[in-house]
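The values are calculated or read from the model by the stated rules, or taken from the named source; none is laboratory data. Bear in mind that the values here come from a model prediction, so they are computed numbers and not experimental data. Note that each Cβ is placed from the backbone with ideal geometry, even for glycine, and that neighbours are counted across all protein chains shown. With ligands, DNA and RNA removed, areas are computed over all heavy atoms of the protein, side chains included. Shrake-Rupley method; radii C 1.70, N 1.55, O 1.52, S 1.80 Å.
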Amino acid sequence: MKAKVITFPVGLYQCNCSIVYCPESKEAILIDPGSEAETILKKINYQGLKIKAIIHTHAHLDHFGATHEVSESTDASVHLHKDDMPLWNIADLQAEMLGLPKCPHANVDHFIEDSQSFEFGEFKLEAIHTPGHSAGSTCFKIENSDEQLLFSGDTLFRRGVGRTDLPSGDSREIAKSIKEKLYKLDIDTTVIPGHGPNTVIGEEKRQNPYIKA
Ligand SMILES: [Zn+2]
Ligand SMILES: [Zn+2]
């Protein structure tokens with residue numbers, strides 16, 4: 001069986017928000033509700049999903065602008081790697097810098113640990129801590145599904161990598177994370193990045209102009 005995935009871009013920066021769910025139990029995990037809470041909630045309700053957790057690839061505001069509203073409406077717990085708390089806590093400053101509207105502050109309920117799993121029905125999402133774009137950047141890989149899928153946040157893009165010139169960014173760390181963690185995954189793994197089109201691990205290993213395998 002395959003886990004179902006709905007991915008759609010939200011907000012000014014077109015952050016890819018994803019809802020992954022088990023088609024039988026309707027249990028779901030929400031990844032990066034960056035903006036447009038109403039759109040996100042509509043999709044959740046249309047499918048009749050029960051959101052078990054809201055997880056974040058990192059704490060740039062374009063990835064968590066709608067977290068407060070969606071967590072209030074769904075009662076789902078909010079998760080972030082602790083190394084991104086300094087960014088999470090300056091949401092208002094980020095709004096000013098990025099030209100985004102200020103949003104109500106969401107509380108983080110739990111810190112994400114490396115290798116931690118988030119279960120939804122028959123499936124789970126496994127966290128892979130990949131510092132570099134930010135200190136707490138984390139990717140999530142679907143387990144037990146017939147399809148191999150990775151949510152890479154702003155760490156790995158199609159033929160690109162995340163910028164490292166923002167607070168807690170580190171160009172050596174991002175290279176290490178991609179080479180030693182993401183490029184070690186099965187080459188057929190489909191990658192859904194934080195922005196822009198999907199890619200495949202094998203293609204990036206061969207063709208990514210920034211980080212060579
Ligand atoms: Zn980012
Ligand atoms: Zn982003």
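Values as computed for the structure displayed
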item	result
Tabulated pairs, segment 108-122, first without any contact (Cβ under 8 Å) to a residue 12 or more places away in the chain, second crowded, with 19+ Cβ neighbours inside 10 Å, C-beta under 7 angstrom, 6+ apart or interchain	Q116/A127
Residues that are under 16 Å from L150 (Cα atoms), part of a loop (DSSP other than H, G, I, E, B) and among the charged types (D, E, K, R), drawn from segment 100-124	D114
Residue satisfying condition, being more than 13 Å from the chain's Cα centre (by Cα) and open to solvent by less than 10 Å² (accessible area, probe 1.4 Å), within set V70, V78	V70
Segment 150-176, subset within 16 Å of ligand 2 (Cβ to nearest atom), polar (S, T, N, Q) and on the phi < 0 side of the Ramachandran plot, residue surrounded by the most Cβ atoms within 10 Å (Cβ to Cβ)	S152
Search result, residues across segment 87-99 that are at pLDDT 95 or above and surrounded by 14 or more Cβ atoms within 10 Å (Cβ to Cβ)	L87, W88, I90, A91, Q94, A95
Selection within segment 64-73 - over 18 Å from E119 (Cα atoms), part of a helix (DSSP H, G or I) and in contact (Cβ under 8 Å) with a residue 12 or more places away in the chain	T67, H68, E69, V70, S73
Residue in segment 5-23 that is without any contact (Cβ under 8 Å) to a residue 12 or more places away in the chain and either farther than 20 Å from G194 by Cα or within 16 Å of ligand 1 (Cβ to nearest atom) (or both) present	no
Residue count, segment 8-27 (criterion: within 15 Å of ligand 2 (Cβ to nearest atom) and in a strand (DSSP E or B))	7
Boolean, P131 is modelled with pLDDT of 95 or more, of a type outside the set (A, V, I, L, M, F, W, C) and not in a strand (DSSP E or B)	yes
Residues of segment 41-67 classified as within 16 Å of ligand 2 (Cβ to nearest atom) and not polar (S, T, N, Q), total	11
Candidate set from segment 40-63 (those that are open to solvent by less than 10 Å² (accessible area, probe 1.4 Å) and not in a helix (DSSP H, G or I)); member that is farthest from ligand 1 (Cβ to nearest atom)	I51
Cross-chain or 6+ apart pairs with Cβ under 8 Å, segment 132-145 first and free of Cβ contacts under 8 Å to residues at least 60 places away in the same chain, then in a loop (DSSP other than H, G, I, E, B) and among the β-branched types (V, I, T)	G132/T155; G132/T164; K141/T189
From the options E147, E119, E180, E143, residue that is surrounded by fewer than 21 Cβ atoms within 10 Å (Cβ to Cβ), touching an Asp or Glu at 6+ places or on another chain (Cβ under 7 Å) and acidic (D, E)	E143
